[in-house]
Amino acid sequence: MYPLFRLAKVTWQANKQPSLTIADKSTTEFYCHPWDLDIFNELNNGRVLTLYDLGRTNLGIRCGLMKVLARHQWALVVAGSSVRYRKRVHLFNKITMHTQCVGFDDKWLYVEQSMWVKGEPTSSVLIRAGITSKQGIVSPIRVLDAIQQSNPFTELPMWVNEWVDSEQHRPWPPLAGNNEAETAQQSV
């Protein structure tokens, strides 16, 4: 189940915190609760991604993006991610999450996030996010205009460009799906 109480708390806190630009870093704090654990008594990897959603919500509220999404009836979507898990998060650990947009290209915003426990990084994610309307993808430049912010970025960091490039070589549809279709056709 989606953590609705945490979402309400993040929303309430973000509305009380100072405004940010889209390029600023936001910080959100959580505790690892019993319902966040997997069978190995550590923070579940799926829950990690859900908590990262809440970090992006905090930044989105504080930079004015969420109001613009509501006003224009736009939506925010995740179109890709790359996650690194490096340290376990245990029950009742206090998690400090940092969220920052690191740039954009012609279609996508790139958001880097990390979780920390006791000053040590535990995981990080690079998110490719898009803003959609009924007409399709909304360009990041149009989004910046809508939130009344100038472009704070020059170019994407090299490591983001390398990830974007590697994603271009990844097969779509997934190979497993193609093999299943071929197997199904061969058995008919």
- [ ] Fewest Cβ neighbours within 10 Å first, please rank 77, 164, 10 accordingly.
- [x] 77, 164, 10
TODO: For segment 125-168 and segment 40-60, compute the distance between their C-alpha centroids and round to whole Å.
DONE: 21
TODO: Would you order 26, 150 from fewest to most other beta-carbon atoms within 10 Å of each residue's own beta-carbon?
DONE: 150, 26
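Indicate the helices, whole DSSP H runs only, in the chain that combine a mean Kyte-Doolittle hydropathy of 0.0 or more with a Cα extent along their long axis of 20 angstrom or more.
Numbers: long enough: 45-62 (26 Å, -0.22).
Long hydrophobic helices here: none detected.
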Task: Under Karplus coefficients 6.51, -1.76 and 1.60, residue-wise ³J(HN,Hα) of segment 113-128 in Hz, glycine/proline x - done: 9, 8, 10, 10, 10, 6, x, 10, x, 10, 7, 8, 9, 10, 10, 9
- [ ] Grab the beta carbon distance between residue 159 and residue 75, set R0 = 22 Å, and tell me the FRET efficiency rounded to 0.05.
- [x] 0.20
Open item on the list: Quick check on the chain: helices-only [θ] at 222 nm, where DSSP H runs of length 4 and up contribute -39,500 (n - 2.57) each and the sum goes over total residues. Nearest 500, please.
Closed with: -11500 deg cm²/dmol
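Read-outs: derived from the displayed coordinates by stated rules, not from any lab. Computed from a prediction, not measured in an experiment: that's the story for all the values here. We place every Cβ from the backbone using ideal geometry, glycine too, and count neighbours over all the protein chains shown.
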